[in-house]
Amino acid sequence: MSEPGDIYVADLGDEQRHRVMIASTSRFSQLSGRVLVAPEISSPPDEVPFPWRIETDEGVFAVDLMLTVASERLLEQAGRVNAAATARMRRALRQIS
């Protein structure tokens with residue numbers, strides 16, 4: 001089961017597969033059958049102000065473009081961000097609410 005900070009290759013419904021960072025807990029996924037994800041982007045993180053872009057060793061992930069996908073659309077785990085990046089993502093999520 002996926003946990004916040006996990007990186008997965010996911011099918012987001014278009015021709016290309018995308019890397020995403022998981023934001024939701026495994027409990028959320030079990031109850032809803034969905035996963036909250038931040039997609040990886042190729043633009044520099046400075047184009048959108050803090051805290052909406054999370055720059056990690058794994059890539060840049062866009063919290064402001066977060067979406068939910070069905071759990072079965074997560075195709076394979078491709079890594080994990082460090083604890084500091086996961087904490088930055090959680091702070092960004094608190095800014096949204």
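Side notes on the structure shown:
- Members of segment 25-35 found to be touching a residue at least 24 places away in the same chain (Cβ under 8 Å) and either among the aliphatic types (A, V, I, L, M) or closer than 20 Å to Val81 by Cα (or both), listed by number: Ser26, Ser29, Val35
- Residue in segment 62-81 that is aliphatic (A, V, I, L, M) and touching a helix residue (DSSP H, G or I) at 6+ places or on another chain (Cβ under 6 Å) present: yes
- Candidates in segment 1-20 are the residues that are surrounded by 17 or more Cβ atoms within 10 Å (Cβ to Cβ) and closer than 23 Å to Leu31 by Cα; of these, the one that is modelled with the lowest pLDDT is Ser2.
- Hits in segment 49-74 - residues which are of a type in the set (Lys, Arg) and more than 16 Å from Pro4 (Cα to Cα): Arg73
- Boolean, Ala83 is surrounded by 14 or more Cβ atoms within 10 Å (Cβ to Cβ) and either without any contact (Cβ under 8 Å) to a residue 24 or more places away in the chain or not hydroxyl-bearing (Ser, Thr, Tyr) (or both): no
- Residue that is surrounded by 19 or more Cβ atoms within 10 Å (Cβ to Cβ) and modelled with pLDDT of 95 or more, where the choices are Val37, Val63: Val37
The values are calculated or read from the model by the stated rules, or taken from the named source; none is laboratory data. Note that the coordinates shown come from a computational prediction; the quantities given were computed from them, not determined experimentally. Here Cβ is always computed from backbone atoms with ideal geometry, including for glycine, and neighbour counts include all displayed protein chains.
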